[in-house]
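Below is one structure, written out as structure tokens; the observations come after it.
The values are calculated or read from the model by the stated rules, or taken from the named source; none is laboratory data. Fair warning: this is a prediction, and the values are worked out from it, not measured in the lab. Don't worry about glycine lacking a Cβ; one is built from the backbone with ideal geometry, like all the others, and counts go over all protein chains shown. Accessible surface is based on the protein model in full, side chains and every heavy atom, while ligands, DNA and RNA are left aside. Shrake-Rupley method; radii C 1.70, N 1.55, O 1.52, S 1.80 Å.
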Amino acid sequence: MSEAGAGLAASLVRLRDELAGVAYPLPLPDAATDAALARASVGQLDDYLIPRLARLDAPLLAVAGGSTGAGKSTLVNSLVQAPVSVAGARRPTTRAPVLVCHPGDATWFGQAQLLPRLGRTHTPGGPGTDLVIVTSAALTPGLALLDAPDIDSVEEANRALAEQLLAAADLWLFVTTAVRYADAVPWELLTTARERGTAVAVVLNRVPSGADDEVVPHLREMLAEHGLGEIGLYVVAERRLDEQGLLPPEAVAPLRDWLDQLARSAAERARVIRQTVDGAVAALVPATDRLAAGADGQAAAVGELREAAERAYRDAELTVDHGLRDGVLFRGEVLTRWQELVGTGEFMRGLQARVGRWRDRIVAAVSGKPMPDEQLKTALESGLVTFLHGTAADAAEQAVTAWRTRPAGAAVLAAPGGPELAAPSPDLPDRADRLVRDWQRGVLELVRTESGNRLFAAKASAYAVNALGLCLMVATFAATAFIPTGAEIAVAGGTTIAAQKVLEAVFGDQAVRRLAEQARQDLLARVRTLYGEEARRFHAVLAAVGVDPDAGQRLRAAASAVRAARQADPVPGGAA
């Protein structure tokens, strides 16, 4: 093998590995077809192309395949003049494939180089599907005959084995009869053989006397319509079998003579083998391109599902953001506790006092009766945790609903871990609670940082920081209070702007706006992280499906390498 030829072999091994690794687990329209094509392509590479390309000079393998009852076994037995393959009326008769070769060629076929996935045996009629190796001196060295199971067998395993054997044939002897030559299944496989470039000869078997004038022209017409008009056609007349179940020698003489000539001519054998090899290699490239497109479709479906889940949680983040902006969180118990905190006349008079010094502003902000700040803080925390949990539950439901509208999504939801996606994580309330407490500590730190040394210079207690922190939290939840309207004042009973007034008394208008925005952005960042963790549950289930997003790209690269290697050094005797 030339250096470039070795490059072709190496590129086929690379392609084989990529095809073996590609998966089509999502139930897209072509997924089952693509998976079957990938398996068939790997099978042909393993069973035929890779070992055959390594030994183009090895004996030629002619596989006799055809419909049930076409007489394949009888034909093979008659060609070698011995009952080497079981033939009979029971259907299907051929279960284990029988390979007949000259004794001098037995080593090549017995070493499982071609069809390495099939076991070998020398005992015909066994219960398994091992390849039965039978030697016969009646065959000319250089060519072997393989009697395959029926391509339209009622047993699925037989059909699959027949297709596997045909894909490993250097030459396919398509055996049919005057009654069944127009059946659909054989013509589908003949079309596949043509597309692969496989060398084919047709044997029209069991032709009744006088029927050949009508049947043969029609069969040739059908062959021409399917692009097979140039292939050899051998007619075997219907004859009485002898005591061994063999046809008279003269009945198969034309076919046997052609096979003998093929076996004796190294050049002709090489032409047939290389035609089939080159055609099979050429057919792999478009097949792989199709498989790459299928792999891209799988990756795109995963991307769509991922985007649907992420969109649901982005919507959840927006809901939280809107909730902060429109004051929806400043309702119920939070508003009640806040009104209890600031509703005294003394507190309001303190807010309205025009003090000019920092100490006076701070005292005005925190003076009055002891305020139930812990109750307010708890109400804020509880309300926000409940809001975050409810929004996350809505996001999970939205994502699952979007998945269910897609066949791929429904399949993923039925996979392990899928059913749990419909509800938030069991530990979400605990994580949301930690989030809120961490955010509250961050708000207090904002107040401390903004106050600097001025609060401490005024000898204010830590309670002042806590009180101002609560005011900042309320201001964050009631963002519209910064533009107090009649409706806003009515909602809050005239007191929602109190938080802003307290903060402005200490920090000034611009600083208050900046602090409230910082607090809001900090809370949203934490919420984004929380919901990102929830979305990753969907990502994990998608990852477990086993779709490789780069499989299509790698398949195309492997196919391109095969194409380049084939163009650099075409298989001798084949078309580039």
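Side notes on the structure shown:
- Span from the segment 1-69 Cα centroid across to the segment 128-185 one, whole angstrom: 18 Å
- Calculated FRET efficiency for the pair Ala414/Asp326, C-beta based, R₀ 51 Å, to 0.05: 0.85
- Site pair Ala393 and Ala423 shows an inter-label distance of 1.0 nm when each label is modelled 7 Å from Cα along Cα→Cβ.
- Whole-Hz couplings from phi, Karplus 6.51/-1.76/1.60, listed for segment 410-422; x for Gly and Pro: 4, 5, 5, 5, 7, 7, x, x, x, x, 6, 6, 5
- Burial ranking of peptide ranges 266-272, 512-518 (average Cβ count within 10 Å, highest at the top): 512-518, 266-272
- Which of Arg563, Arg52 is most accessible, then next, and so on - probe 1.4 Å: Arg563, Arg52
- Residues listed by number, segment 41-63, amide nitrogen under 14 Å from Ala6 label point at 7 Å toward C-beta: 54
- Shape call, segment 91-221: gyration tensor on alpha carbons, a/c limit 1.5: prolate
- Euclidean distance between Cα centres, segment 202-241 to segment 522-560, Å: 58 Å
- Cut-off under 5 Å, modelled amide H: who pairs with Val235 long-range: Leu204
- Other-chain or far-sequence residues with amide H under 5 Å of Gly119's (modelled H): Leu131
- Counted over all Cα-Cα pairs of segment 194-308, pairs farther apart than 17 Å make up 72 percent.
- Between the amide H of Ala199 and those of Trp172, Thr276, distances stay under 5 Å, these residues lying 5 or more places away or on another chain, with hydrogens modeled in the peptide plane.
- Hz values of 3J(HN,Hα) by residue in segment 76-82 - Karplus curve (6.51, -1.76, 1.60), Gly and Pro given as x: 4, 4, 5, 5, 9, 6, 7
- Evaluated on segment 196-249, the Kirkwood hydrodynamic radius is 12.7 Å, with distances taken between all distinct Cα atoms.
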